[in-house]
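So the structure is just underneath, and the comments pick up after that.
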Amino acid sequence: MIPATPCPVLYGLRGDVMDDLPVAAAALETEDRDRWAIFLTNQGTDDHILTGGPLVPSRSYVVKGTVKNRARRLKGGHLLLDLDTEYGPLTCAAYEPSKGFRNAFQNLIPGDGVVVLGEIRDEPRVLNSEKLHVTFLAEDIEISNPDCPVCGRKMKSAGKGQAYRCKRCRTKASKTIETTIPRKLEAGWYEPPRLLPQASVETAEAHGRCSGPYTSIVEYDNRHNYIRYPCTSETRETSWRKRSYSARSGRP
Ligand SMILES: [Zn+2]
């Protein structure tokens, strides 16, 4: 294994059991490495999320609520969604770069149960959504006028609260037609990929996103003085340049 970038970090491994990590690292074939370290990490554990109100701007919360209406699309693709929450009415925002995440927001309908994690923004007051947990899917029922039993045409409402009738055949019907629309959304967790690096997806799933902690190991490339000197931006830049040079000159 050889990193494709001039970064001084050779690779990182993440695991649930600390003692497994050096064993797994020894099994990997890599360039020579200088040193390694094991870190206890809270990445993906949502440690920064507060679970109780009142909601204060610039802080992150987990908010449970019921969807009030379908998401509104703003210029640039942002979505706004109104919720009834344990803290009162609250608008959640989902932004453009996270397409899959926005799709989940887009497919929510009134009555759906959600838990949203994110930071409260002051003006306008919205919850900048980072993660979405769909906990309950309401039935999506479309109501339409009945068809005429004689000629098959759509019947017209005879007025508010009154029966339906076919103008041509003069048949009457009192009931609307309710059609259940299949939902395009499943219950579960949705989050923008940028918040969860590919490599840690499995681990995060194993932890149900909100528990933890888990452990990571990072091994450093021996070509660089990254650790030996105080890590100033200057030493870091120098070692990156060196690396870029050796990559260009074709040495492994
Ligand atoms: Zn008819």
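For the reader, a short list of remarks on this structure follows.
- Neighbours by Cβ (under 9 Å, 6+ apart or cross-chain): first from the range 112-129, outside the structural domain of THR66 (by TED's automatic domain parsing); second assigned to a strand (DSSP E or B): none
- Cβ-Cβ under 6 Å pairs, at least 6 apart or on other chains, the range 166-183 side more than 23 Å from ASN107 (Cα to Cα), far side in a strand (DSSP E or B): LYS172/ARG165; ALA173/TYR164; THR176/ILE143
Residue-wise test of (1) among the polar types (S, T, N, Q); (2) in a strand (DSSP E or B).
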residue: PRO124; (1), (2): no, no
residue: ASN128; (1), (2): yes, yes
residue: LYS131; (1), (2): no, yes
residue: VAL134; (1), (2): no, yes
residue: ALA138; (1), (2): no, no
residue: ILE141; (1), (2): no, yes
residue: CYS151; (1), (2): no, no
residue: ARG170; (1), (2): no, no
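- Residue match in the range 146-158 (condition: under 35 Å from the mean Cα position of the chain (by Cα), surrounded by fewer than 18 Cβ atoms within 10 Å (Cβ to Cβ), farther than 30 Å from PRO54 by Cα and among the aliphatic types (A, V, I, L, M)): no
- Counted residues, the range 104-160 - those being within 16 Å of the ligand (Cβ to nearest atom) and among the β-branched types (Val, Ile, Thr): 1
- Answer residue from the range 64-78, given it is in a loop (DSSP other than H, G, I, E, B) and out of contact with any helix residue (DSSP H, G or I) (no Cβ under 6 Å at 6 or more places or on another chain) and is nearest to PHE105 (Cα to Cα) among those: ARG70
- Options LYS68, LYS99; residue that is modelled with pLDDT of 85 or more and either of a type in the set (Lys, Arg) or touching a Pro at 6+ places or on another chain (Cβ under 6 Å) (or both): LYS68
The values are calculated or read from the model by the stated rules, or taken from the named source; none is laboratory data. From a predicted model like this one, the values you see are computed outputs, not experimental measurements. Heads up, the Cβs are rebuilt from the backbone with ideal geometry, glycines too, and the neighbour counts pull from every protein chain shown.
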